Amino acid sequence: MKPPTLLSLFTTPLLATAQTILNKTVPPNDILESFVSYSIEFSSFPDYAGNKSHPNTFSLNLLANLPQTPYIRVGGNTQDYALFNASLPFALNGTFNLSRSSDYPTTIFIGPSFFESYTTWPSVKFTHGFNLGLGANNSAGWQTLLDTVPLACKALGNNLHLWTYGNEPDLFSTSAQGPVRPASWNESTYVWQWHNGTSTILSLVAQHCPELSGIGFMAPSHAGVGNRLKAPAVWAAGFNRNKTVQFFSTHNYISGATSPGVTLQGTLMNHTVTRRSVDAHVVEYNSILRQDPSAPPMVFGEANSLYNQGRPGLSNTFGAALWGVDFHLYAASVGFKRVYMHQGSNYRYAAWQPLTTRLTTIGTKPPYYGSIAVAAALGSSSSPATVVHIPLSTEKREAAYGVYTNSGSVLVRIMVVNMRSYNTTLDGAGLVPLPDLPTRGSVNYTFSLTGSNYRTAKIQRLWANGSDAITGVTWDGWSYNYELDQGRPARLKNVTNVDERVEVVNGSVTVAVADSSAALLTFEWLLGKEKTQCRKAGQ
C-alpha cells in the first residue's frame, strides 16, 4: 500500500490550531553528540554485531544511516546473568527458563570470542556492562569480573566510552525474573558492593589497559523512580564519592507489555503520558542536584515503549515510531543529554531484527524510522542542538519542538508530531486492510517566528498508511528496509509527498500534518551551513 499523493493529503479535512509564537533565541541546553543511541541486550549483542568472520553488515548499514554514529551500550538484564567460560568455543551459550523469561536466556555463559563482536563496528563508541547481580555475591560471578575486564578493555581499546556495573539494581530483590538479593537489600549495601566492584574494574584496567585509565561509569542504571532503591538515597550514601560516575543513567519504559489498559492511542500516542513519565525522572535528578551540584549530566541509559520487550500491535507499529519521536525530543527539551533505546533479538519493540530466527524475520521495524526522524531534526552540525518544547492547544495527541543551534541563538528546525489515531487494518493489528478506509484527518499548525527573516522551509515527513502499520514506513520518501538494499537508503518512486516547500509569510509559517504522522520544517536559508548527505537521515 502506498502513501496518498499530495493532493489527497491536503484535501482531507483540516482542523485549525492556534498560532504558536517562537522566540528567536532561547537559553542554551545543548544535547550531546549522537543523542540518538542504542542499548543492546547483552545476550543479543553477538546477533546484532556478528563477529570477525561474519560481521552483521545489516546492522552496520542502519547505524551508518544516522548523521551522527550512535553510541552503543551493551547490557540489560542478561549482563547480570552472564558468567565466563574460558573454554567455550563460541561467543555465548544461553539457556532459557520459560518460567523466568521467554524472551532471553537466564543461564548464560560467554566465551572469549564474545568480545570479537566489539571489533565489527569500528567507528562506534561502546559502553560494556559487567555482572553485579552475580558478581558481587557469587564466587563464579566475581571470577567472571576478574577474567573479563582484561578481555573487554583490550577488545574495545579506543572505542571504549564507559563501563556499567550492574543493571537495574533497584529490582534485584523484587525482579519478576527471579530475585538476586534478599528482601533486606538497601541503598547502603548496594553502594558498598558498587565501590568494591568498580574499584576492582578500574584497577584491572590500569593493569591491563593503562591507556584507558580514567574512563568511568554510566550509573546507577535504575529501572525507574519508584522501586526498592532510590537514586537520591544511593547518592546520599556516597555512591559517587570517588567521582567515577560520568553520566547519571536512569531507565524508562512508558508502561508494561501486559499492563492493564495499555493502548496505542491512550498510552504511546499520548503526549501527556510521555511528559508525565519523563518529568518524574527530572524531579528525581533535581533532588540529586540539590545535594550534589556537581552531579554528572543525565542520560536515559535504557528506554523503550513497553517493558518486557514490548507488545505486538503496539510496540512494533508506526504509532510506536511517532511515540519515539515525541519521547526523544521531549527528553532533550528537559535536559537529558542522550537516549539509548533498547534492542534485543526477537523483541517486539526493536528498531530492527538483526537476523532471521524461528520467531522473527530479519528486517527494519517502524521504530527505526522514528530514530531517523529524530536524528534529522537534531542535525549533524558541529554546533550542538538545544531542543525546546512548544506548547500546543491540545497537547494530549500532538507535540511540537523547536531545534536551535549556536547556543540557542538560531532556530533551525521545527518538528510537529500529530498523534491522532488513524488505523487502516482490522483490529489495528497491521495485517488485514480494512475494506472501507475512514477519512484521514489533518491539522494546520501555524508558527510565528519572532524577530526572524526566514523565507521558506523544506518539509520532510515521517509517513505510513496509519498508526497501526507495521510495513510501508518512509522518511522523506526513503525506505531503509532490508529487502531493498540491506538497510541502506532506497528512494521509493511511488511516494509523492517529498520535495515540499512552504513559504514564511509575514513571519509565520503553516504546515499541514496528517493524523498519525510527523513533519519536520527546516528553514532553508540555513541549509548552506548545515548540509549533510541526503543518504544520511534523508536530509
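The values are calculated or read from the model by the stated rules, or taken from the named source; none is laboratory data. Note that the coordinates shown come from a computational prediction; the quantities given were computed from them, not determined experimentally. Positions of Cβ are backbone-derived with ideal geometry, glycine not excepted, and every protein chain shown enters the neighbour counts. Quick note on the areas: whole protein, heavy atoms, side chains included, nothing else; ligands and nucleic acids left out. Shrake-Rupley method; radii C 1.70, N 1.55, O 1.52, S 1.80 Å.
Would you list the membrane-span-like helices of the chain, meaning whole DSSP H runs whose alpha-carbon atoms span at least 15 Å along their axis and whose mean Kyte-Doolittle value is at least -0.5?
Details: long enough: 139-156 (25 Å, 0.63); 187-208 (31 Å, -0.28); 271-291 (31 Å, -0.54); 318-333 (23 Å, 0.88); 366-378 (19 Å, 0.98).
Taking the DSSP H segments of the chain (at least 15 Å long, mean hydropathy at least -0.5), we get 139-156, 187-208, 318-333, 366-378.
Taking only C-alpha pairs under 8 Å that are 6+ residues apart, what is the relative contact order of the chain in percent?
Working: 1268 pairs, mean separation 100.9, N = 539.
The value is 19 percent.
List the residues whose amide H sits under 5 Å from the amide H of Thr25, counting only those 5 or more places along or on another chain, with H placed 1.01 Å from N in the peptide plane.
Correct list: empty.
When the gyration tensor of the stretch 58-186 is built from Cα positions, what are the square roots of 5 times its three eigenvalues, in whole Å, from largest to smallest?
Calculated on Cα positions only, the semi-axes equal 26, 17, 15 Å.
Under 10 °C and 1.306 mPa s, how fast does the stretch 272-427 diffuse according to Stokes-Einstein, given a Kirkwood radius computed over C-alpha pairs? Answer in µm²/s, whole number. If you can, show how the numbers build up before the last one.
Numbers: Rh = 16.9 Å.
This corresponds to a translational diffusion coefficient of 94 µm²/s.
Mean residue ellipticity at 222 nm from the helices of the chain, using -39,500 (n - 2.57) per DSSP H segment of n ≥ 4 over the full residue count, to the nearest 500 deg cm²/dmol?
Numbers: 10 runs with 118 residues, N = 539.
Per the formula, -7000 deg cm²/dmol.
Name the long-range amide H neighbours of Glu500: under 5 Å, sequence gap of 5 or more, or other chain; modelled H, no Pro or chain starts.
Ile459
For the peptides 112-125, 282-295, what is the packing order when you average, over each peptide's residues, the other Cβ atoms within 10 Å and list the highest mean first? Walk me through the intermediate numbers first.
Values: 112-125: 18.7, 282-295: 13.9.
The packing order, highest mean first, is 112-125, 282-295.
For the stretch 51-91, what does the accessible surface come to per residue with a 1.4 Å probe? Please give it in Å².
Working: 1500 Å² over 41 residues.
Dividing the accessible area of the stretch 51-91 by its residue count gives 37 Å².
Under a Cβ-only charge scheme (Lys and Arg +1, Asp and Glu -1), can you give me the dipole magnitude of the chain about the Cα centre, in debye to the nearest 20? Numbers along the way, then the final one.
Working: 37 positive and 31 negative charges, 105 e Å.
The dipole of the chain has a size of about 500 debye.
Would you mind calculating the relative contact order of the stretch 183-256 from Cα pairs under 8 angstrom and at least 6 residues apart, reporting the percent as a whole number?
Details: 59 pairs, mean separation 30.0, N = 74.
Relative contact order for the stretch 183-256 comes out at 41 percent.
Taking every pair of alpha-carbon atoms in the stretch 118-253, what share in percent sits in each 5 Å bin, from 0 to the bin with the longest distance?
The percentages, shortest bin first, are 2, 10, 20, 23, 20, 14, 8, 3, 0.
Which cross-chain or sequence-distant (5 or more) residues have an amide H under 5 Å from the amide H of Ser175, H modelled 1.01 Å from N in plane?
Under 5 Å from the amide H of Ser175: Val180.
Which order do the peptides 170-179, 59-68 come out in when sorted by mean C-beta neighbours inside 10 angstrom, highest first? Before the final figure, lay out the partial values.
Numbers: 170-179: 17.6, 59-68: 20.3.
Highest mean packing first, the order is 59-68, 170-179.
Whole number in Å², please: accessible area per residue of the stretch 392-515, 1.4 Å probe, ligands, DNA and RNA not counted. Intermediate values should be presented prior to the final figure.
Working: 4970 Å² over 124 residues.
Normalised by residue count, the accessible surface of the stretch 392-515 is 40 Å².
Would you mind telling me the share, in percent, of accessible area of the chain contributed by carbon and sulfur at probe 1.4 angstrom? Don't jump to the answer; show the numbers that get you there.
Details: 10620 of 19890 Å².
That fraction is 53 percent.
Per the Kirkwood definition applied to all pairs of different Cα atoms, how many angstroms is the hydrodynamic radius of the stretch 234-323? If you can, show how the numbers build up before the last one.
Numbers: mean 1/r = 0.0682 Å⁻¹.
14.7 Å is the Kirkwood radius here.
Under a 1.4 Å probe, what is the accessible area of the stretch 216-336 per residue, stated in Å²?
Spelled out: the 1.4 Å probe surface of the stretch 216-336, per residue, equals 30 Å².
Taking the alpha-carbon set of the stretch 126-197, what are its Rg and Dmax in Å?
13.2, 41
Going down the list Lys396/Lys458; Lys337/Lys365; Lys458/Lys493; Lys52/Lys337, which pairs span over 30 Å between their C-alpha atoms? Let's see the in-between values first.
Numbers: Lys396/Lys458 27 Å; Lys337/Lys365 25 Å; Lys458/Lys493 19 Å; Lys52/Lys337 32 Å.
From the list (Lys396/Lys458; Lys337/Lys365; Lys458/Lys493; Lys52/Lys337), the Cα-Cα distance tops 30 Å for Lys52/Lys337.
Using only C-alpha atoms and all pairs of different ones, pull out the Kirkwood radius for the chain in Å with one decimal. If you can, show how the numbers build up before the last one.
Details: mean 1/r = 0.0422 Å⁻¹.
Taking the inverse mean of 1/r over all distinct Cα pairs, the chain comes out at 23.7 Å.
Quick one: check the C-alpha center-to-center distance for the stretch 270-303 versus the stretch 71-143, whole angstrom.
Using only Cα atoms, the two centres lie 28 Å from each other.
Picking from Tyr48, Pro105, Thr144, whose Cα lies most toward the positive end of the charge dipole for the stretch 48-169 (charges on Cβ: Lys, Arg +1; Asp, Glu -1)?
Tyr48
Once phi is turned into θ = phi - 60°, what whole-Hz ³J(HN,Hα) does the Karplus curve with 6.51, -1.76 and 1.60 give for every residue of the stretch 77-88, x standing for Gly and Pro?
3, 6, 5, 8, 10, 7, 10, 9, 10, 5, 9, 5
Testing the spin-label approximation: label points 7 Å from Cα along Cα→Cβ at Val334 and Thr361. State their distance in nm.
Going from the Val334 label point to the Thr361 one covers 3.9 nm.
In Å, what Kirkwood hydrodynamic radius results for the stretch 357-469 from the alpha-carbon pair distances?
That comes to 16.9 Å for the stretch 357-469.
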